[in-house]
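Take a look at the structure below.
The values are calculated or read from the model by the stated rules, or taken from the named source; none is laboratory data. What you see is a predicted model; the values in this text were computed from it and never measured. For neighbour counting, all protein chains shown are included, and Cβ atoms are generated from backbone atoms with ideal geometry for every residue, glycine included.
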Amino acid sequence: MYMQRTRGFVLVALLSLCICATLAQGITVLVQVYEKDPNVTTLSGASVFVDDALVGKTEAGGILEFSHPGTNSVSVRVTKLGYDEWTGDIGPNTTTVLVQLLRKSISFVASVHDADTLAPISGAQVVVSGEGAGNTTLTNANGTASFAVRSESVYNVEVQARNYRSQADTVEIGIEGISVQYMLLRDDRFSVMVKDEASGTPVPDARVLVDGVDRGLTDSRGLLTLPLPREKVYMVKVKKEGYQDFNGQQIVRKEDAFISIPLEKAPYSAFVSVYDEDRKPVEGAAVLMDRAMSGMTDQYGRLLLGNLTAGQYQLEVRHPGFVTARQALKVSAQGQEITVTLPFEKVNATIAAMEGSEPVSGAEISLDGRVLGTTGPSGEVPARLRLNITYNITAAKEGFNPAMLSASVNAPNATTITIRMERSTNMMLIGGIIAIAAIIVLAVLFIRRGRSRGRGGRRVRL
């Protein structure tokens, strides 16, 4: 009896030790993450949170192991980009958790437009299929149809509309919603796009004739939509002022959204006439167009500009002794006449009237016979003089002899031109002085002669 009791106590003690050892080690839980779409596929890289603490990410095979004390239930949360979040609570003795993630539903928008007019097409049928899903929707008044699709999936899209050519597409969906535009071609019309051959920019208001029939003008985008069937050959003519006419056959294929017509600008010539401020022709003036040398004016101040095209230019005319002229030039007609007036280049100068080292105030200064002004106390008059021109300068003042000087300014710096003046001799005053002197001399002689006669008489009486 004693031995049996002893053995019983030993078994209880061993069982208690095992339970304590188990509690000390905790519980190891294996988490396996997968998706079913439609087959079961394990997911690596899924993040596993236990009681809101990240314990790791699933490895290849979608497996992750973690441990917890095993005393209470724990909360498990599994996330992966492009999938809906999974959450659940597991008991203290749970050792395996299977987590199925579902892909997120995101938006796919198909936008359907007319390839010629770019206008939205309402009532177009859009079919989306793939990844175990399929749906058909008609576009609304804005030409759009919306679908809920799964992230990171591939779908086939087919767009159909009455009188339009059907279009098929394959769309790869990522983790964010997308919008795709579809441009449908009509079988009963096509567009003509007119562009500038050099720049590639649209040419508006170009007149289009097809098979000799005037079909209208291109719009601001250089487009004109024509209600004509495709898969034919047409004779197309395009006219636009400033451009050479286009004439040629054009094949309109069923897959062409439009046909492109390049227009080459027409060559123009223009005449430049250059004059000075006095309306005299300026010979040898350099003419530049957009900073490129075009030539020199002839003896009549003219230059022919050839090989121009319609458009805007920057015209520049240069000549020594003149201020450079710059102006915008619009070439729009054949044989256009352009007149340019070159202002004389002038510098600030001072004309000074001097008597020796003293200024002469009140002197009238003239340039080439035209009165410039009267000198002040400093004996100076300001002037604006042209470069490299010889001026005849005169100075006049009562009491001074008229002074004349020929001078020119050859440098653009301010300069002073000095004209020398001398006082004039008063001939009337000199004549008067001579006359008075003569009278005095005659008077002295008369007196002396009278005295001589008086002395001679006294000697006669003796």
Are there any pairs with C-beta distances below 6 angstrom linking a residue in the range 272-295 that is on the phi > 0 side of the Ramachandran plot to a residue that is β-branched (Val, Ile, Thr) and part of a strand (DSSP E or B), with the two at least 6 apart or on different chains, and if so which? 295/287
If you check 349, 286, which single one turns out to be more than 30 Å from residue 206 (Cβ to Cβ) and at pLDDT 95 or above? 286
May I ask you to list the residues in the range 60-72 that are in a loop (DSSP other than H, G, I, E, B) and surrounded by 13 or more Cβ atoms within 10 Å (Cβ to Cβ)? 62, 70
Between 344, 322, which is crowded, with 19+ Cβ neighbours inside 10 Å and either free of Cβ contacts under 8 Å to residues at least 40 places away in the same chain or within 29 Å of residue 384 (Cα to Cα) (or both)? 322
Within the range 200-211, considering residues that are assigned to a loop (DSSP other than H, G, I, E, B) and in contact with a strand residue (DSSP E or B) (Cβ under 7 Å, 6 or more places away or on another chain), the one farthest from residue 310 (Cα to Cα): 211
When the range 79-97 is checked residue by residue, the ones that are part of a strand (DSSP E or B) and of a type outside the set (Ser, Thr, Tyr) are 86, 88, 89, 90, 97
Output for the range 275-288, where each listed residue is in contact with a Leu (Cβ under 6 Å, 6 or more places away or on another chain) and either assigned to a loop (DSSP other than H, G, I, E, B) or of a type in the set (A, V, I, L, M) (or both): 282, 287
Take residues that are in contact (Cβ under 8 Å) with a residue 40 or more places away in the chain and of a type in the set (S, T, N, Q) and tell me which of the strands (runs of 3 or more DSSP E) falling wholly in the range 98-159 contain 1 or more. 105-114
If you scan the range 29-57, which residues turn out to be under 28 Å from residue 130 (Cα atoms) and assigned to a loop (DSSP other than H, G, I, E, B)? 37, 38, 39, 43, 44, 45, 46
Across the range 368-423, which residue is modelled with the lowest pLDDT among those that are among the basic types (Lys, Arg) and in a strand (DSSP E or B)? 386
Only one of these is more than 30 Å from residue 184 (Cβ to Cβ) and part of a strand (DSSP E or B): 250, 312. Name it. 312
In the range 145-190, which residue that is buried (at least 19 other Cβ atoms within 10 Å of the Cβ) and small (Gly, Ala, Ser) is farthest from residue 85 (Cα to Cα)? 161
